[in-house]
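Notes follow once the structure below has been shown.
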Amino acid sequence: AKINTEFVQVLSPTHLKMKVWERGAGPTLACGTGACALTVAAILAGKTSERTCTVSLPGGDLVIEWREDNNRIYMTGPADYVFEGEYKL
């Protein structure tokens with residue numbers, strides 16, 4: 001079966017490194033959903049004690065914050081225009 005998976009290295013309590021493999025695509029430059037899930041998992045597993053972490057991916061760094069006051073996850077990072085196309089119905 002094909003899967004999406006992330007490979008993770010803890011660099012420090014506030015810095016995680018992640019590589020992504022997506023089913024049907026192979027290695028990808030980034031995955032925001034995966035970076036958010038990684039941060040929560042690292043906190044719950046005791047791999048980091050901080051609720052704000054930098055997640056380094058091949059496409060760039062994301063800052064992920066899991067706020068205790070409202071239990072929401074916030075992601076901050078770069079965005080680039082990479083594609084344009086048309087689809088005729």
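The values are calculated or read from the model by the stated rules, or taken from the named source; none is laboratory data. All values reported here derive from a predicted model rather than from experimental measurement. A quick note on method: Cβ atoms are made from the backbone with ideal geometry, for glycine too, and the neighbour counts reach across all protein chains shown. For accessibility, only protein heavy atoms count, side chains too; no ligands or nucleic acids. Shrake-Rupley method; radii C 1.70, N 1.55, O 1.52, S 1.80 Å.
Enumerate the aspartates and glutamates that Lys2 could reach by cross-link, defined here as Cα to Cα under 20 Å, with residues fewer than 8 away along the same chain left out.
Glu22
Rounded to whole Hz and in sequence order, give me ³J(HN,Hα) for the range 76-84 from the Karplus expression 6.51 cos²θ - 1.76 cosθ + 1.60, θ = phi - 60°, writing x for Gly and Pro.
After applying 6.51 cos²θ - 1.76 cosθ + 1.60, I find 10, x, x, 9, 10, 6, 10, 7, 9 Hz.
Round to a whole angstrom and tell me the spacing of the C-alpha centers of the range 54-89 and the range 17-43.
One Cα centre to the other: 11 Å.
Using Cα atoms only, what is the angle between the long axis of helix 32-44 and the major principal axis of the chain, expressed in degrees (0 to 90) to the nearest 10?
20
With θ set to phi - 60°, apply the Karplus curve 6.51 cos²θ - 1.76 cosθ + 1.60 along the range 14-19 and write out the HN-Hα couplings as whole Hz, x wherever there is a Gly or Pro.
Here the 3J(HN,Hα) series is 10, 9, 10, 10, 9, 10 Hz.
Could you rank Thr48, Thr5 by how accessible they are, 1.4 Å probe, largest area first?
Thr5, Thr48
With all pairs of different alpha carbon atoms counted, what Kirkwood hydrodynamic radius in Å does the chain show?
One over the average 1/r among Cα pairs gives 14.1 Å for the chain.
What 222 nm value per residue comes from the helices of the chain, counting each DSSP H run with n ≥ 4 as -39,500 (n - 2.57) and dividing by all residues, nearest 500 deg cm²/dmol?
Details: 1 runs with 13 residues, N = 89.
When only DSSP H runs of four or more count, the value is -4500 deg cm²/dmol.
Just in the chain: which trypsin sites (Lys or Arg not before Pro) are loop by DSSP and have at most 13 other Cβ atoms within 10 Å? The partial results should precede the final answer.
Values: sites: Lys2, Lys17, Lys19, Arg23, Lys47, Arg51, Arg67, Arg72, Lys88; in loops: Lys2, Arg23, Lys47, Arg51, Arg67, Arg72, Lys88.
Of the trypsin sites (Lys or Arg not before Pro), the ones in loops of the chain whose Cβ has at most 13 other Cβ atoms within 10 Å are Lys2, Arg23, Arg67, Arg72, Lys88.
Pick from Thr33, Thr14, Thr52: which residue has the top mean-square fluctuation in a GNM of the chain where Cα pairs under 10 Å get a spring?
Thr33
Quick one: length gained pulling Glu50 to Lys88 fully straight, 0.36 nm per residue minus the C-alpha distance? Can you show the working numbers first?
Numbers: separation 38, 0.36 × 38 = 13.68 nm, distance 4.79 nm.
Stretched fully, the Glu50-Lys88 segment lengthens by 8.9 nm.
With a cut-off of at most 14 other beta carbons within 10 Å, and DSSP calling the residue loop, which chymotrypsin sites (Phe, Trp or Tyr not before Pro) in the chain qualify? Please list them.
Taking the chain and a limit of 14 other Cβ atoms within 10 Å, the loop chymotrypsin sites (Phe, Trp or Tyr not before Pro) found are Tyr81, Phe83, Tyr87.
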